[in-house]
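Enquirer: One structure follows; several queries about it will come next.
Please treat every number below as a calculation from the coordinates, not as lab data. The structure displayed is predicted, hence computed values, not measured ones.
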Amino acid sequence: MDRNRILAILAKRQAIITDTHVVYTSGKHGDAYVNKDAIYPYTADIFFLCYDLAGEFTNLTDNGPRPEVVIAPAIGGVILSQWTAHHLGALALYAEKDGDLFVIKRGYDKLIKGKKVLVVEDVITTGGSVKKVVEAARACGGEVIGVGALCNRGKITAGDLDVPQLVSLLEIPLKAYEEADCPLCKAGVPINIDVGKGREYLQRKQG
């Protein structure tokens, strides 16, 4: 894993945004954002990022089983699932959101049953989405051997996700505040509507 190359890719695509007021998927607020959507259009960049991620789970003879299936939460995670699975020679699947849960449809549940499963995600903040995909994979009879992420920004651990192993290409801890405690809200800093859930947040407020 080449951390300098990873940082160079993120910098080139302006994927790390600072000095802003963003609303995260969790509903918390913060002043920085890892914009994974800025990377997805560039297949060469995704190729190398997923190559590095797959490399962390390729030679697990001494530490554990090699993945047979890679699964991710839709939507953006689908791209990571495809490329990471390609490098591993594994099946590439995805889980879909259904209310507050993630479910595995389209006959993919049959492809998971009895196999070693790696769950991948782009950015882990609270770990909530990833943990739901882990639970969905286990409910289908898969053996989850670990989680791989491009970026862990919430200091989440393998124990938090109830998995044997968590590998992140980057650890970028960013501050996150409950809305009631957000200093940016108190200072009147405008919400960023271009990234995160800012637009939806303002629509709810206005509604």
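Enquirer: Read phi for every residue in segment 99-106 and hand back ³J(HN,Hα) as whole Hz from Karplus 6.51 cos²θ - 1.76 cosθ + 1.60, θ = phi - 60°, with x for Gly and Pro.
Expert: Karplus-based 3J(HN,Hα) across segment 99-106 equals x, 8, 10, 10, 10, 10, 10, 6 Hz.
Enquirer: Here are some pairs, 105/131; 36/197; 131/155; 97/155; 97/197; which of them have Cα atoms lying more than 19 Å apart in this structure?
Expert: 97/155
Enquirer: Here's a follow-up. Amide H to amide H, which residues 5 or more places from residue 124 or on other chains are under 5 Å from it, using H placed in the peptide plane?
Expert: Sorted by chain and number, the residues that satisfy this are 151, 152, 153.
Enquirer: Which cross-chain or sequence-distant (5 or more) residues have an amide H under 5 Å from the amide H of residue 71, H modelled 1.01 Å from N in plane?
Expert: It is 93, 118, 119, 120, by chain and number.
Enquirer: Roughly how far apart, in whole Å, are the Cα centres of segment 175-207 and segment 132-152?
Expert: So the two Cα centres are separated by 30 Å.
Enquirer: Compute log10 of I(q)/I(0) for the chain with the Debye formula, placing one identical point scatterer on every Cα and leaving out solvent, at q = 0.17, 0.18 Å⁻¹, to two decimals.
Expert: Each listed q corresponds, in turn, to -1.16, -1.26.
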